[in-house]
Amino acid sequence: MKKSILILISLLIIFTGCTTTNSQRLSQEALRFFDEGNVEAAIPLFEEALAAQKKNPEYRYNLLYAYYTNGKFNRVIEESEEAFALFPFHLEFLTLKAKAQIEEEQIASAIETYTRIIALNPGDTAFLYRLLEEAEAADLTEEIRFLSDAILRIEPQSIAAFRALSKLESDSYYTRILSYLTKEGPPPSQ
């Protein structure tokens, strides 16, 4: 009996190790296809790797990012929420969801998702600045306003936030504050 249990445990360890190794191989092969621009070939490999290792957030994120790159935005929106429920410390899933919502022109929903991210991780200005850069690169006016306001609540003298807002409204209070902060003009009038 004791010997049977030891053999069973050994087989379980070997099987688990083989599954992990196979998933890693599949994931690496999928990443190679992805890097070569062949997202269609990468997706089934990411799916297979995730099927074997459902508790791996990296495999799940890679699959969702491949869906995003392939234009399957609604699927990303749905499955990112499920992934975040499984891995609540991985805000990347919500960030990817917001990006997919923007692609689907669900701007109000994207802002709600960003608000949720900020509420879950208040004070992470590095994250907010990264999101602001992405919003500026994509010329997303509402997101720029929202993210700049969120940054200014944490860092009231943020030059990047005032610069982003002044680009939206060139002759505004924001422009005068930016001039003052960058020493390019007089203090803003009340």
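Here are a few things to note about the model shown:
- Against the chain, whose longest principal axis comes from its Cα atoms, helix 39-52 is set at around 60 degrees.
- Remark: the range 84-92, residue by residue, has Karplus-estimated 3J(HN,Hα) of 5, 4, 6, 10, x, 9, 10, 5, 4 Hz, where x stands for each Gly or Pro and the curve is 6.51 cos²θ - 1.76 cosθ + 1.60 at θ = phi - 60°.
- Residue order, fewest to most beta carbons within 10 Å, for 124, 35: 35, 124
- Per DSSP, loop chymotrypsin sites (Phe, Trp or Tyr not before Pro) in the range 83-147 with at most 14 further Cβ within 10 Å: 89
- Dipole check for the range 124-190: with +1 at the C-beta of Lys and Arg, -1 at the C-beta of Asp and Glu, and the Cα centre as origin, the magnitude is about 320 Debye.
- Between the helical axis of 159-168 and the longest alpha-carbon principal axis of the chain there is an angle of about 70 degrees.
- When 176, 130 are sorted by how many other C-beta atoms sit within 10 angstrom of their C-beta, beginning with the fewest, the order is 130, 176.
- The chain: angle of helix 2-35 to the longest principal axis, Cα-based, in degrees nearest 10: 40 degrees
- Positive-pole candidate from 117, 159, 88, dipole of the range 81-177, charges at beta carbon: 159
Since every read-out is calculated from the coordinates, none of them should be taken as a lab result. These figures come from a predicted structure and were not determined experimentally. Cβ coordinates were reconstructed from backbone atoms using ideal geometry, including for glycine residues, and neighbour counts include every protein chain displayed.
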